[in-house]
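> Please see the structure below; I have some questions.
The numbers here are math on the coordinates, done by the rules we state, and not lab data. These numbers come from a predicted model, not from an experiment. Using ideal geometry, Cβ is built from the backbone for each residue, glycine included, and neighbour counts are taken over all protein chains shown.
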Amino acid sequence: MMVRHTFGKAERLKSRKSIDALFKEGQRFNMGSIRVLYRPVAQPGIRVGVGVSARQFKLAVERNRVKRLLRESYRLQKQILAPVVEHCKGLDVFFIYTAPAMPVYSALAPQMEKILTKLNTILAKESN
């Protein structure tokens, strides 16, 4: 069966309340130039948000490009987190790009794969 690599509205982390709760109560780790915040939630499914510092990237065009690259690299590799959905009810995740240089997709994709694999192992340990 063909896997659909979509990133729909239900998968986006948009609620200000949810984002604030994630920043206050969520756990975090850094991998390379990306900081990851995550928090298991009662709502089913995985919701993802992305952010970039306006200090690092002054122009909105550059920030939007970085966010687009982050979303795209997640979208194509989100099946790595599929077992997490089966174990825990839901998960909120936020990716923050912290490096001052503009990323290249070819470097961002393997980094995202490592992040999702690490997140998968962390959540598997927590659920056991």
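> Taking the Cα atoms only, what angle lies between the long axis of helix 105-127 and the longest principal axis of the chain, rounded to 10 degrees?
30 degrees
> Got a sec? How would Met112, Met31 order by Cβ neighbour count within 10 Å, fewest to most?
Sorted ascending by nearby Cβ count, the order is Met31, Met112.
> Let's test the formula: R0 of 30 Å, r as the Cβ-Cβ distance of Leu59 and Thr117. What FRET efficiency results, to the nearest 0.05?
My answer for the efficiency is 0.40.
> Calculate, axis by axis, the spread of Cα positions in region 82-122 along the three principal axes, and write the results as whole Å, longest axis first.
36, 16, 14
> Test of the criteria: in region 1-77, which trypsin sites (Lys or Arg not before Pro) are in a DSSP loop and have at most 14 other Cβ atoms within 10 angstrom of their Cβ?
Arg4, Lys14, Arg55, Lys58
> Counting pairs of alpha carbon atoms under 8 Å apart in space and at least six apart in sequence, what relative contact order in percent does the chain give? It would help to have the intermediate numbers written out before the result.
On the way: 169 pairs, mean separation 41.0, N = 128.
Relative contact order for the chain comes out at 32 percent.
> Using the Cα centre of the chain as the reference point, and only Cβ charges (+1 on K/R, -1 on D/E), how large is the resulting charge dipole? Debye, rounded to the nearest 20.
440 debye
> Compute the Rg to Rh ratio over the chain from the alpha carbon atoms, using the Kirkwood formula for Rh, and round to two decimal places.
0.95
> Ok, one more. Explain nothing, just compute: Karplus ³J(HN,Hα) = 6.51 cos²θ - 1.76 cosθ + 1.60, θ = phi - 60°, for every residue of region 16-21 in order, whole Hz, x for Gly and Pro.
Karplus-based 3J(HN,Hα) across region 16-21 equals 4, 4, 5, 5, 4, 5 Hz.
> Moving on. At 222 nm, what helix-only mean residue ellipticity would the chain give, in deg cm²/dmol to the nearest 500, using -39500 (n - 2.57) for each DSSP H run of four or more? The partial results should precede the final answer.
Working: 4 runs with 57 residues, N = 128.
Theoretical 222 nm ellipticity from helices: -14500 deg cm²/dmol.
> May I ask for the angle, rounded to the nearest 10°, between helix 60-77 and the longest principal axis of the chain, with both axes built from Cα atoms and the value confined to 0 to 90°?
30 degrees
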